[in-house]
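Written out below as C-alpha cells is the structure these notes cover.
Every number in this text was worked out from the coordinates using simple rules, so none of it is lab data. In this text, all values refer to a predicted model and were calculated from it rather than measured experimentally. Every residue, glycine among them, receives a Cβ derived from its backbone with ideal geometry; neighbour counts consider all protein chains shown.
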Amino acid sequence: MSLQAEFDHLVVAAETLEQGADFIERVLGVRPQPGGQHKAMGTHNLVLRLGERQYLEIIAIDPDLPEPERPRWFGLDGSNLQQRLRARPRLIHWVARTPDLERAIAVAPLGQSLSMSRGEYHWRITVPVDGTLPGEGLIPTLIQWDSGGHPADRLPDQGCRLRSLYAVHPLPENIRQALTTLGLSDVQTVTAGPVPTLRAEIEAPDGIHYLGD
C-alpha cells in the first residue's frame, strides 16, 4: 500500500553552524537564516528556503545544550560521521512530510514517533531508537507538522530551488521499494554503486550547484 508523502527538506550536517553557513554560502552563494534549538536532541539549526514548503536545514550539535537522554537524530553521535564533518559539512539525509504519521509508521516502520518543538513550530518525526539514518540516509525520515505553520513559509526567498535528488546504493532496489511504499518514487533517482551516496541538484541565483559527495 502506497502512502501519501512529499519532499519536505534536505539535511546538511556540520561540526558547527558557522562552518555549515560558510559552506552553503560557498556552494550556493546565499547565506542560510537563523533557525533555533532542539533541546530534546541537543542540536540547533539554520534554514534556507528551497521553494514552497521546502527548505534546506543545516544541523549541528549545540555545545550549549546538555547531552540528550537518547542518541541524537540523523546519526550525529556516530564517530564516523563526526570524523567526516571535521573535513567539511555534508549532505547526509532528507525528510518527507506526511499528513498521517501514525499510519505511515504502521506501513513503513522508520522509527519511533517523537513530538518535537522549536519556537512556534510543533511536529512529530520518526527517529530510530539508536539514532541512525534510515537506508544509510537515502530513505527519508518522516515528519508531520502539527501547528505553527511550516518553516519555509516565513523564510525569505533567496532564489534557491531543489531540482533533483540522486542516490547511489549497493542494493538500489531496496531503496526504490521503500520509496514506492512511501509514495516518493518520483522524488529521488536511485542507481547502483558501491558506496551509499546522496546528491542534490540545486538551482541558485548564479546557476546550478550540487551538494553531496
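Figures for the structure shown
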quantity	calculated
Some residue of region 182-195 being within 21 Å of residue 89 (Cα to Cα) and either touching a residue at least 12 places away in the same chain (Cβ under 8 Å) or of a type outside the set (Gly, Ala, Ser) (or both)	yes
Boolean, residue 11 is aliphatic (A, V, I, L, M) and either free of Cβ contacts under 8 Å to residues at least 24 places away in the same chain or touching a Ser or Thr at 6+ places or on another chain (Cβ under 9 Å) (or both)	yes
Residue ID - nearest to residue 203 (Cα to Cα), chosen from residues in region 53-70 that are in contact (Cβ under 8 Å) with a residue 40 or more places away in the chain and in a loop (DSSP other than H, G, I, E, B)	53
Top-ranked residue in region 140-172 [being in a strand (DSSP E or B) and small (Gly, Ala, Ser); ranked as surrounded by the most Cβ atoms within 10 Å (Cβ to Cβ)]	167
So residue 95, is it exposed (fewer than 15 other Cβ atoms within 10 Å of the Cβ) and either more than 20 Å from residue 72 (Cα to Cα) or β-branched (Val, Ile, Thr) (or both)	no
Tally, over region 140-192, of residues that are over 15 Å from the mean Cα position of the chain (by Cα) and of a type in the set (S, T, N, Q)	9
Lone unmet requirement of (1) assigned to a loop (DSSP other than H, G, I, E, B); (2) under 15 Å from the mean Cα position of the chain (by Cα) for residue 129	(2)
Scan of region 68-83 for residues that are of a type in the set (Lys, Arg) and buried (at least 17 other Cβ atoms within 10 Å of the Cβ), ordered by number	72
Meets criteria (in contact with a strand residue (DSSP E or B) (Cβ under 9 Å, 6 or more places away or on another chain) and surrounded by 22 or more Cβ atoms within 10 Å (Cβ to Cβ)) for residue 65	no
Test: residue in region 197-207 that is polar (S, T, N, Q) and assigned to a strand (DSSP E or B)	yes
